[in-house]
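A quick write-up on the structure given underneath.
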Amino acid sequence: MRIMIIGGTSGIGLALAGRYAAQGAQLALCGRDPRRLQGHALASSPRVSVYGFDIADTDAARQAIHDFGRDGLDMLIVVAGQYADAAGLAAQPALGPILVQTNIVGLVQAFDTAAELMRQQGHGHLVAVASIAGLLKDYPDNSLYSASKRAAIAICETYRKALAPFGIAVTTLVPGYVDTARLRELNGGDAGAKPWLQSEADAVRHMSAAIERRAARCVFPWQLHLTVRLFNLLPTWLRGLRKK
Ligand SMILES: NC(=O)c1ccc[n+]([C@@H]2O[C@H](COP(=O)([O-])OP(=O)(O)OC[C@H]3O[C@@H](n4cnc5c(N)ncnc54)[C@H](OP(=O)(O)O)[C@@H]3O)[C@@H](O)[C@H]2O)c1
């Protein structure tokens, strides 16, 4: 199994990499700064290649996907994502285009490049990590992030239909809060107050099970999913009262 993980150098992507490494997969782990893997056991594995590029850089992403895909590409998992809340965007407006380039444009370009290779092979699996934020109407305080994840979910639906005739599956992973270093950093060092916070190991269990059964979409944990669905049923004025 040859798997490329864009956003595989930390957090959820690296945890997924550990799972597939244990199964003997040949892996390509990618991020903008490959030094993040220094000292990690996977970095020195002969079954792991490391690529440094920005998913928003079309040429660099294309080159890396073709380089690893030369010997076949069974699965591409796009985990890379940028987050900015309203305050962050107000302070640094340049973050908006970066977020869109990463979470939406980069995803589409990576899917297109990988799909080209997979069509030649006659099989393949594209996977994207979106977020439950993309399912919540009126997500407070960080609507561009939530809009980008909503777009990612919709893009996956489109690719699933378009690529099914070529034997290519598309799985959208839609997690709630996962206790990664990045989430802790965004929450002052401790994400413990987040509802139904899951460990990276729990997230990997959900994600890898969904990938294995080539599920169209996997939203977890169910408790947060149910809460979001109920919240979305509220009238707009009531949803607007939600604490920022
Ligand atoms: N943690 C959560 O609670 C949670 C919940 C729902 C959804 N998600 C989504 O899950 C994904 C991973 O989250 P995480 O918490 O694991 O974050 P993380 O630890 O920051 O991991 C992000 C990974 O993507 C890479 N990356 C970021 N921007 C990139 C770019 N422009 N080009 C290439 N690689 C890039 C990072 O490496 P470099 O920084 O070196 O590029 C890193 O390997 C994100 O898409 C996030 O929105 C997370």
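Couplings for the range 44-50, taken from phi via the Karplus curve 6.51 cos²θ - 1.76 cosθ + 1.60 with θ = phi - 60°, read 9, 6, x, 8, 10, 10, 10 Hz in order; Gly and Pro are left as x. In this simple spin-label model, placing a label point 7 Å from the Cα along the Cα-to-Cβ direction at both Arg213 and Ala193 gives a separation of 3.6 nm. Straightening the chain between Ala87 and Asp74 buys 0.7 nm, computed as 0.36 nm per residue apart minus the Cα-Cα spacing. By other beta-carbon atoms within 10 Å, ranking Ile132, Ile55, Ile98, Ile153 with the fewest at the front produces Ile98, Ile153, Ile132, Ile55. Note on Arg239 and His123: their simple-model spin labels are 4.2 nm apart, each label 7 Å out from Cα toward Cβ. Assign one of three labels to the range 35-84, namely rounded, prolate or oblate, based on the Cα gyration tensor with a ≥ b ≥ c the square roots of its eigenvalues; rounded applies when a/c is under 1.5, prolate when it is not and a/b is larger than b/c, and oblate otherwise. Because a/c hits 1.5 or more and a/b fails to exceed b/c, the range 35-84 counts as oblate.
Sequentially through the range 94-104, phi angles give Karplus couplings (6.51, -1.76, 1.60; θ = phi - 60°) of 5, 5, x, x, 5, 4, 5, 4, 6, 6, 10 Hz, Gly and Pro residues having no value and appearing as x.
Rounded to the nearest 500, the helix-only mean residue ellipticity at 222 nm of the chain stands at -13000 deg cm²/dmol, with each DSSP H run of n ≥ 4 adding -39,500 (n - 2.57). Evaluating 6.51 cos²θ - 1.76 cosθ + 1.60 at θ = phi - 60° for every residue in the range 190-200, the Karplus couplings come out as 8, 9, x, 7, 6, x, 6, 5, 10, 6, 4 Hz, glycine and proline recorded as x.
Structure remark: mean-square fluctuation, Gaussian network model of the chain, C-alpha springs under 10 Å; the largest value among Glu157, Glu116, Glu212 belongs to Glu212.
Across the range 88-244, the mean sequence separation of Cα contacts (distance under 8 Å, 6 or more residues apart), normalised by length, yields a relative contact order of 23 percent. Under 5 Å from the amide H of Ala169 lie the amide H atoms of Gly124, His125, Leu126, each residue being 5 or more positions distant or on a separate chain, with H modelled from the backbone and absent for Pro and chain starts. Using 0.36 nm per residue and subtracting the Cα-Cα separation, the extra length available between Glu116 and Ser49 on full extension is 22.0 nm. For the chain, what class follows from the C-alpha gyration tensor (a ≥ b ≥ c being the square roots of its eigenvalues): rounded when a/c is under 1.5, otherwise prolate if a/b is larger than b/c, else oblate? Because a/c hits 1.5 or more and a/b exceeds b/c, the chain counts as prolate. In this simple spin-label model, placing a label point 7 Å from the Cα along the Cα-to-Cβ direction at both Arg205 and Ala164 gives a separation of 3.1 nm. Counted residue by residue at 0.36 nm each, then reduced by the alpha carbon distance between them, the extension gain from Gln38 to Trp222 reaches 62.7 nm. Ordering of 167-179, 81-93 by packing is 167-179, 81-93, highest average first (other Cβ atoms within 10 Å, averaged per residue). Pairs of lysines in the chain whose Cα atoms sit within less than 15 Å of one another amount to 5, provided the residues are eight or more positions apart or on different chains.
Computed from the coordinates by the stated procedures, all read-outs in this text should not be read as laboratory data. These numbers were taken from a predicted model, which means no experiment stands behind them. Cβ: placed from backbone, ideal geometry, glycine included. Neighbour counts: every protein chain shown.
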